[in-house]
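Comments concern the structure below.
Readers should treat all values here as calculations from the given coordinates under stated rules, not as data from a laboratory. Since we're looking at a predicted model, the values are computed, not measured. Don't worry about glycine lacking a Cβ; one is built from the backbone with ideal geometry, like all the others, and counts go over all protein chains shown.
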Amino acid sequence: MIEISPEITNYIITFVGIFLGVFLRTILPYLQKLNENPGMIFQWRYVATAFISGFGTTTGLILIFDIPETSLVQLFMMAVAFSYFGEDLLNSIMKAKGTKTIKVATKQERIEAKIKKLQQDLEKEKIIKT
């Protein structure tokens, strides 16, 4: 049987706890929106994105989380709470800062924008000629 040192066990429990906290903080609002909007369709893509970004955030948070000498259950609960509320705080700061999402124009919108620009250029040229 493979024997794992207590330090490695604590690290694994902390990593799983932090990941679970970040994942829950990311996925719970989505599930709440699904519940409030019956017409909204569940997308596994969102869960996959939450899962992947959770690993990135977990990797950063585990570096600043001081692993205390305590029971594994307490350690797990502290890691979940630390990461859940840390992610919540980060989301609140980003929302308060007013981050804007970038809208990617569709092909149709780009064509319409070019046509509008050409029409404006023609109008300017007509004004200059007269």
Of the conditions (1) free of Cβ contacts under 8 Å to residues at least 24 places away in the same chain; (2) surrounded by 12 or more Cβ atoms within 10 Å (Cβ to Cβ), PHE82 fails just one. Which one is it? (1)
Which one of these does TYR84 not meet: (1) under 13 Å from the mean Cα position of the chain (by Cα); (2) over 30 Å from THR9 (Cβ atoms)? (2)
I'd like to check something: does the range 2-9 contain any residue that is β-branched (Val, Ile, Thr), assigned to a helix (DSSP H, G or I) and more than 12 Å from the chain's Cα centre (by Cα)? yes
